[in-house]
Protein chains: 2
Amino acid sequence: MMSRGPATLRDVAGHAGVAISTVSAYINQTRPITPELAVRIRDAIRELDFVPNAQARNLRMRRAASIGLIVPELSNPFFAFIAEGIEDRISREQMTLTLSQTGPTGAREDFYAELLPRARVDGIIVVSNTGKTPMSIMRLIERFPVVLADEYMPGIRVPFVGSDNRRGARTVGELALSSGRRRAAVITGPEGLWSAEARLAGYREALASYSFAESDVPIVRGDYTFDSGVRAATSLFIGTPATNSPDVLLAANDLMALGAMRVIRQAGLRIPEDVVVVGFDDIPAADMMHPSLTTVSQSAFAIGQTAADLLLRTIAGEDLGDERIELPTTVVRRSTTID
Amino acid sequence: MMSRGPATLRDVAGHAGVAISTVSAYINQTRPITPELAVRIRDAIRELDFVPNAQARNLRMRRAASIGLIVPELSNPFFAFIAEGIEDRISREQMTLTLSQTGPTGAREDFYAELLPRARVDGIIVVSNTGKTPMSIMRLIERFPVVLADEYMPGIRVPFVGSDNRRGARTVGELALSSGRRRAAVITGPEGLWSAEARLAGYREALASYSFAESDVPIVRGDYTFDSGVRAATSLFIGTPATNSPDVLLAANDLMALGAMRVIRQAGLRIPEDVVVVGFDDIPAADMMHPSLTTVSQSAFAIGQTAADLLLRTIAGEDLGDERIELPTTVVRRSTTID
DNA sequence: CTGTTAGCGCATTCAA
DNA sequence: TTGAATGCGCTAACAG
């Protein structure tokens, strides 16, 4: 006589002729089992195709077996890779990911920061793109283990993992400057955003190492979007005689670099002959564009894995303080720079 | 005296001075409650910040409250949008998404088809990119409600929702052909893949409506990747006198169109002056490219929403048979075509 | 209309 | 070393 639905611990125990608690102990290795019984239990599990019911287990163990991810949007491949990295790490612990997408501008960040605790999670990874530290996040860290990924937030004592933006920017900046061009310009990212400041710092180091005076290098602010790259480049290249417009452009990300390239082309300038361009991120379009964009590649997957690892350790009781991990980046040489 | 952890039904009942089942009935609207009691319960819930424990509820209700998604990879924005659409629909039913990424080639499709039933889900949405119907999927549909999204699979009786690929291709094809060019060529997608066949059929209709003879139009097969677009275009444009090479190119997707554009440029041909190009999908790079690519936009979000809706209805017991829904697409006119 | 009670499947005491 | 019994928080009879 078949019992309805999937097999339970009780079914296995009956089949093997042992007590429920013995099967449970066998599965969780929580106490020694006589080899003979172990064999019978193993066979019964196989025969009934038994799989523990995670809901019952978690209910009993008073845990969520889930970690929350607050992220702008998964349709951005970079964030999707971070999520994949997290997933990769936590799936080994039989944990699942509870997603909260706050929208491209972070509009629903407060909303989800309030909601996630109620959804019952064991910890939270925050990928923010606002550059601020909202009150809602402050309250979150009082109640849950929290780890910051990709974008740093000031003023809170939680672990962080991201890319070494400064060093990456410095390296690609020096590559661009090695062309010997002397009319450099920078398109920087949103004010107050950690990654933008770090990349700008890296570009400044590169400029300094090539003996540029700060006052000679125009710095235009964008907001990481393609359109803002168009606007920034317009102010740099349109209405200026070509002999005065920049001949080397350091952009804080690929989207803005690509937007700038459109304007540069419209201005009748050639890339890289008239203008050398570099970006940051290595988005897919960087390689498809003509000319293909020299940029800096980050390992979003590794950021996700590392963030999950830090969070799991925090959940396990370890005090990581405000540990900061900055993962290395790699420069991808393509066709917008000169060898 | 505080109880440990979050408030439970019992806490609320005690606080409001009613029975546990009354609170449950109030929350689930499962029977009428005296207004007076309702107020007391509502206040108690608010005061204790009570949130029902979903794990306990689902355990009791013998359901997973989760639907499985088998998808190639979330780092592809198109699939990510489908997932967002599903998420949007099922979150209203308090259900969560259990993700299974099979990899860009679908390598782990069998693996996850076996694993998902064990993870306990109430139903499954399959987004396949193989074009075949693996045995594992056949077995899946015997045990679970299954809905196919985006890519159709032959030989199984399950609901399907995707885009109207044929009509979209026909429309954009006719736009390209309206230029009056007479040396047309097609780059088609993977053999046996439903979307590829549908788009090819649409392009054929467009060609027929402009009185092209089938034998006059070279059709080169690609596999939807950028590189395959490069290879296909190489066979079409390189080593051929420009007066004989195609002057209008219909590609089955944007990635291949973009790859082809690189080759066309290398061949010294201008777009759209010498060659008109169209694609399909409207990926972000299509708009950033120079010239920007005329293509067909699909609503991946709507595909996800609709698939979730069909699945929820199937889970609820409705028999949808092999209902097929093909959502409309829109042509996005850009700079690789002539007005 | 409301309260009491019996499990959902599991981990974990406590006896044996 | 093993088994019986308890309850995690909840829904759904059932009795009042």
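The values are calculated or read from the model by the stated rules, or taken from the named source; none is laboratory data. Since the model is a prediction, treat every value here as computed from it, not as a measurement. Glycine gets a Cβ as well: all are built from the backbone with ideal geometry, and neighbour counts include every protein chain shown.
Points to keep in mind about this one:
- Close pairs from region B:137-161: first without any contact (Cβ under 8 Å) to a residue 24 or more places away in the chain and of a type in the set (Lys, Arg), partner surrounded by 16 or more Cβ atoms within 10 Å (Cβ to Cβ) and not in a loop (DSSP other than H, G, I, E, B), Cβ under 8 Å, at least 6 apart: none
- Scanning region B:64-100 for residues that are modelled with pLDDT of 90 or more and basic (Lys, Arg) yields one hit, B:Arg89.
- Strands (runs of 3 or more DSSP E) completely within region A:230-310 that count 1 or more residues being more than 24 Å from A:Arg182 (Cβ to Cβ) and touching a residue at least 24 places away in the same chain (Cβ under 8 Å): A:295-297
- The condition (being farther than 24 Å from B:Asp88 by Cβ and at pLDDT below 85) is satisfied by just one residue among A:Met135, A:Met153: A:Met135.
- Of A:Ile33, A:Ile20, all but one fail to be in contact with a Phe, Trp or Tyr (Cβ under 9 Å, 6 or more places away or on another chain), more than 14 Å from chain B (Cβ to nearest Cβ) and without any contact (Cβ under 8 Å) to a residue 12 or more places away in the chain; the exception is A:Ile33.
- Members of region B:3-38 found to be assigned to a helix (DSSP H, G or I) and away from DNA strand D (no atom under 11 Å from the Cβ), listed by number: B:Gly14, B:His15, B:Ala16, B:Pro35, B:Glu36, B:Leu37, B:Ala38
- Unique residue being without any contact (Cβ under 8 Å) to a residue 60 or more places away in the chain, part of a helix (DSSP H, G or I) and among the acidic types (Asp, Glu) when the list is A:Asp223, A:Asp227: A:Asp227
- For the criterion of being assigned by TED's automatic domain parsing to the domain that holds A:Glu114 and crowded, with 18+ Cβ neighbours inside 10 Å, A:Val71 passes.
- Counting the residues of region B:285-298 that are touching a Leu at 6+ places or on another chain (Cβ under 9 Å) and within 13 Å of another protein chain (Cβ to nearest Cβ) gives 6.
- The set of residues in region A:39-71 being assigned to a helix (DSSP H, G or I) and away from chain B (no Cβ under 12 Å) consists of A:Val39, A:Arg40, A:Ile41, A:Arg42, A:Asp43, A:Ala44, A:Ile45, A:Arg46, A:Glu47, A:Leu48.
- Residue check for A:Leu9: touching a residue at least 12 places away in the same chain (Cβ under 8 Å), surrounded by 14 or more Cβ atoms within 10 Å (Cβ to Cβ) and within 14 Å of chain B (Cβ to nearest Cβ): yes
- Being surrounded by fewer than 21 Cβ atoms within 10 Å (Cβ to Cβ), under 21 Å from B:Leu250 (Cβ atoms) and either out of contact with any Cys (no Cβ under 7 Å at 6 or more places or on another chain) or within 14 Å of chain A (Cβ to nearest Cβ) (or both) is a description that applies to B:Glu191.
- Candidates B:Gly168, B:Gly180: the one that is under 30 Å from B:Tyr210 (Cα atoms) and out of contact with any helix residue (DSSP H, G or I) (no Cβ under 9 Å at 6 or more places or on another chain) is B:Gly180.
- All positions within region B:39-73 that are more than 16 Å from DNA strand D (Cβ to nearest atom) and among the hydrophobic types (A, V, I, L, M, F, W, C): B:Val39, B:Ile67, B:Leu69, B:Ile70, B:Val71
- Of all residues in region A:299-313, those satisfying the criterion of being more than 10 Å from every other protein chain (Cβ to nearest Cβ), touching a helix residue (DSSP H, G or I) at 6+ places or on another chain (Cβ under 8 Å) and of a type outside the set (Gly, Ala, Ser) are A:Ile303, A:Gln305, A:Thr306, A:Asp309, A:Leu312.
- Matching entry among A:Ser75, A:Ser100, A:Ser66 (being away from DNA strand C (no atom under 16 Å from the Cβ), in contact (Cβ under 8 Å) with a residue 24 or more places away in the chain and under 17 Å from the mean Cα position of the chain (by Cα)): A:Ser100
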